[in-house]
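J.: Here it is: the structure, laid out below.
The values are calculated or read from the model by the stated rules, or taken from the named source; none is laboratory data. Small disclaimer: the values here were computed from a predicted structure and weren't measured. Glycine gets a Cβ as well: all are built from the backbone with ideal geometry, and neighbour counts include every protein chain shown.
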Amino acid sequence: MMKKILLSVAIIGAVAAIVVGATTAYFNDTETSTGNTFTAGTIDIAVDGQNPWSQSVPFVLADMKPSQVDYTNFAIKNVGTNPTNVWKKVSGVTVDENGVNEPECVAYGGTWTGGTKQNGILDIDCANYDQAMINNKIDEVITYDLSVIVKDNQNQPIWNQTLYNMNKTIAQIDAMGGNGTFLGMIPSGYSMDVTESYHMASSTENWAQSDKMTFNITVTAEQLTGVAILENKDQVAPWRVLGEDAYTGTLTYGVKDSKFNYSFAGVTPLVGTNYSLIVYAEPFSTPAGNGWPRPVIILGSAMSNGAGNVSIPSTSLELNANLLNAKVWLVKSSDLTGNTMNTWDSSTETNSLFDTGLIDYYDADL
């Protein structure tokens, strides 16, 4: 009897639970977001309107002589959807004797025997030459200029710099590793004019007559990786990068994040001096127009030590803004009044580190 009573109680409890569950309700609301997408951007460039770059007629620099200059020019267009960092590499340099004439034979210590009908073959037209004197390395006597101008989609210049100003030979450029020389950043839809000049040294003697050099040019574009190099530059236009000295800095930052997360390390011209890392966008505007003083964003400050080293450890800033086509400088803190850069002077030029390419930062919270 007791078992039956307990079983009846259990059945009654289960039925009650079902009834309660069936009759209990809760206030609620449901919202659904539909059609969400995740799309990858594109990195793509065109050179001189060609994509891919397929020159039917390569650059030809002919009839070069000592103290003369020849040029190659081309334009890089960013046809992708993202800003891109761009490098240019000269590679595959080869030199060739390319025949011989009387002055070159004499330069080799030989006697010209070719007469008026030159065969242009050393062993036929030049007798008793000194093998050790043969030299066709014109890549070691041709120096190199390289400058760039970034233009917006209205073809208006927004940024420029000079990478080399006859301070490197073609042989030195050819020896560079990686992607070669960093040219800068090109925003989406913008372009970069690249101007190169080749100078044959005035001291070049007859050994170089008729010699020939061939080389390849490669342009590489990559997405922004959150690394920006700052360098000191010479004090007058065209603002050549002085990359051969010790004064440089590296800004490491997150290209897209909810905050501007960065760190900086560099070597400055001044020791025991307080420096500030600043950023501003081009074109800039001031109450006085396109000049000084200039409003800036101060990212951080630090004192240079006895060796000129400056370090700003990992820092997170809430900018509440994007930084588009922005320049980053490291300047003396005394050059600033609040968030304003004072009038430019020679001390600023000499003792600061400057951008070698524009940067973008995208605030993920906007």
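J.: Buried (at least 19 other Cβ atoms within 10 Å of the Cβ) and at pLDDT below 90: is that true of Tyr129 in this structure?
T.: Here the answer is no, as Tyr129 does not meet what is asked.
J.: Of Tyr108, Tyr129, which residue is outside the structural domain of Lys327 (by TED's automatic domain parsing), within 26 Å of Gln68 (Cβ to Cβ) and either under 46 Å from the mean Cα position of the chain (by Cα) or not small (Gly, Ala, Ser) (or both)?
T.: Being outside the structural domain of Lys327 (by TED's automatic domain parsing), within 26 Å of Gln68 (Cβ to Cβ) and either under 46 Å from the mean Cα position of the chain (by Cα) or not small (Gly, Ala, Ser) (or both) holds for just one of Tyr108, Tyr129, which is Tyr108.
J.: Find the strands (runs of 3 or more DSSP E) located wholly in segment 288-366 whose residues include 1 or more that are among the polar types (S, T, N, Q), surrounded by fewer than 19 Cβ atoms within 10 Å (Cβ to Cβ) and modelled with pLDDT of 95 or more, and list them.
T.: 297-303, 309-317
J.: Okay, moving on. Scan segment 26-78 for residues that are of a type in the set (Phe, Trp, Tyr), in a loop (DSSP other than H, G, I, E, B) and modelled with pLDDT of 80 or more and report the count.
T.: 1
J.: So how many residues does segment 188-210 have that are assigned to a loop (DSSP other than H, G, I, E, B), in contact with a strand residue (DSSP E or B) (Cβ under 9 Å, 6 or more places away or on another chain) and not small (Gly, Ala, Ser)?
T.: 2
J.: Identify the residue in segment 243-258 that is buried (at least 16 other Cβ atoms within 10 Å of the Cβ) and farther than 12 Å from Ala228 by Cα and, among all such residues, is modelled with the lowest pLDDT.
T.: Applying the filter and picking the extreme gives Gly243.
J.: For the subset of segment 138-151 comprising residues that are without any contact (Cβ under 8 Å) to a residue 60 or more places away in the chain and surrounded by fewer than 20 Cβ atoms within 10 Å (Cβ to Cβ), which member is farthest from the chain's Cα centre (by Cα)?
T.: Top of the filtered list is Glu140.
J.: Which residue out of Asp355, Asp345 is in contact with a strand residue (DSSP E or B) (Cβ under 6 Å, 6 or more places away or on another chain), assigned by TED's automatic domain parsing to the domain that holds Pro269 and acidic (Asp, Glu)?
T.: Sole residue among the options that is in contact with a strand residue (DSSP E or B) (Cβ under 6 Å, 6 or more places away or on another chain), assigned by TED's automatic domain parsing to the domain that holds Pro269 and acidic (Asp, Glu): Asp355.
J.: Another one. Going by the structure shown, is Asn160 within 12 Å of the chain's Cα centre (by Cα), of a type outside the set (A, V, I, L, M, F, W, C), assigned to a loop (DSSP other than H, G, I, E, B) and surrounded by fewer than 21 Cβ atoms within 10 Å (Cβ to Cβ)?
T.: No.
J.: Regarding Thr343, is this residue farther than 11 Å from Leu277 by Cβ and among the β-branched types (Val, Ile, Thr)?
T.: Taking the combined requirement at face value, the residue satisfies it.
J.: Within 22 Å of the chain's Cα centre (by Cα), in a loop (DSSP other than H, G, I, E, B) and under 30 Å from Asn325 (Cα atoms): does that describe Gly177?
T.: For Gly177, the condition - within 22 Å of the chain's Cα centre (by Cα), in a loop (DSSP other than H, G, I, E, B) and under 30 Å from Asn325 (Cα atoms) - is met.
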